[in-house]
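The values are calculated or read from the model by the stated rules, or taken from the named source; none is laboratory data. From a predicted model like this one, the values you see are computed outputs, not experimental measurements. So basically every Cβ, Gly included, is an ideal-geometry build from the backbone, and we count neighbours across all protein chains shown. These accessible areas exclude ligands, DNA and RNA; they are computed on the full protein's heavy atoms, side chains included. Shrake-Rupley method; radii C 1.70, N 1.55, O 1.52, S 1.80 Å.
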Amino acid sequence: MSNLFWIFYPYTTITIFFSGYIYTYFTRRYYWSARSFQLLSKSTHSLASNLFHYGIIVVLLGHLFGIVLPASVLIAVGISYSLHITLAFYLGAVFGIITIIGLIWLLAISYTTRAVNSLSITDHLVYILLALVLITGLINTLVVHPDYENTVAPWFQGLITFHPNPNLMENTPLILQIHIALSFLLYALWPFSRLVHVFTFPITYLWRPYIVYRRHEFYKVFKRN
């Protein structure tokens, strides 16, 4: 891929990401939700949801500490290069597999029940992209073993500081480049799909009144009386 691609493409998708959140918040407030399909499905999906969400949280944290933070910071807190590689392999493999299992389970519930009727075109595209990102990421972790420390990490840190060096991406494996390109495309679609709820912080839950739920039998007795 062209070196210019690794400058303009990530900045373009991230711009769409943030502007998309602003657009959704002010013009499509109803869609600022995961629009849970739990009530539309007879199957319980709490376990599948937990597998996916806890798995993806660890995977994202791994990317945060492994790519976003400079190597000097990791060394300062006692994480050497070899330890970093070991943690990336085992944690990435275990929680990557857990995340994929959870996603497949959730998709199976979604596409085999009435919940499929609540999915938008963007949701379908995001599910496909999310699956491809996870699969290519797992291939990189288990098979390719790319040198993140000297390629992707400094390139990404350069993006954050507005001093990108696209030359760092020249020698990265193709499957890793595909993984990164798909990830940024996912960010561009993120605010327009169910994933928009990820950055929702329900602060009002701290002081809003409790919601009281009563069993159906209570209303039968109440009605007879």
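Brief remarks follow.
- Gained length - ILE85 relative to PHE65, 0.36 nm times residue gap less alpha-carbon distance: 6.0 nm
- Ordered from largest to smallest accessible area (heavy atoms of protein chains, 1.4 Å probe), the residues HIS163, HIS197 come out as HIS163, HIS197.
- The range 62-102 - Debye-derived log10 I(q)/I(0), Cα point model, q = 0.24 Å⁻¹: -0.78
- Estimated FRET transfer efficiency (HIS124, ILE104; beta-carbon r; R0 22 Å; 0.05): 0.90
- Accessible area in square angstrom per residue, the range 59-121, 1.4 angstrom probe: 60 Å²
- Carbon/sulfur fraction of accessible area - the range 80-201, other protein chains in place, 1.4 Å, %: 74 percent
- Computed E for THR12/LEU47 - FRET, C-beta separation, R0 45 angstrom, nearest 0.05: 0.75
- FRET efficiency estimate (nearest 0.05) - Cβ-Cβ, VAL198 to LEU132, R0 25 angstrom: 0.85
- Rounded accessible area per residue of the range 144-201, 1.4 Å, Å²: 48 Å²
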